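Student: Okay, handing you the structure first.
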Amino acid sequence: MTPLAAMLVVLALAAPQEPPQEKPKKVPKDSVELTVVGCLKGRVLKTVDRRETDVESGPYVGARSFHLASKKPVTEEIKRQQGHLVEVTGLVKRSSLDERGIKIGGATIGGGPPVAASRSRPSPAENVTVMDVSSVRMRASSCTPQ
């Protein structure tokens, strides 16, 4: 083999290989992947009422609150983005997105099976949808949408 041919073989082998394409994670049948924009306060995301079609994906959720669950690296990013307008991508159970009634003023009216009266107040956490977050990205440094 000539020195020039040997050098070409070495360069071809040393050329950076394209990394294998990551397979998109499968979304469970009972869940849906959402990308929404909202204000981050603690581990709660309050979405903006208008839909930003260039960013958001999945079904329209309107103005809604999500409790954010995530793995440690994403949790650290959530902590850094407190009080900011952010874009969040994650999985939500389909059943959690079902409408629970009609809001009239501060009250929600909905149908359902009768519930026995109790003296205790319902937990506010019962009505908050949990999102299993895969990514968080800052959109603005304040919570006012532009």
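Student: Can you give the local net charge around residue 70? Use residues other than it whose beta-carbon is closer than 12 angstrom to its beta-carbon, Lys and Arg +1, Asp and Glu -1. Intermediate values should be presented prior to the final figure.
Tutor: Details: positive: 43, 71, 72, 79; negative: 76, 77, 132.
Every neighbour counted, the sum reads +1.
Student: Then there is this: Near the amide H of residue 64, under 5 Å away, which other amide H atoms are found, from residues 5 or more places off or on another chain, if H is placed in the peptide plane?
Tutor: Under 5 Å from the amide H of residue 64 lie the amide H atoms of 47, each far enough along the sequence or on another chain.
Student: Testing the spin-label approximation: label points 7 Å from Cα along Cα→Cβ at residue 57 and residue 44. State their distance in nm.
Tutor: 2.9 nm
Coordinate-derived values only; no laboratory data. Worth saying up front: this structure is predicted, and the values here are computed from it rather than measured. Glycine gets a Cβ as well: all are built from the backbone with ideal geometry, and neighbour counts include every protein chain shown.
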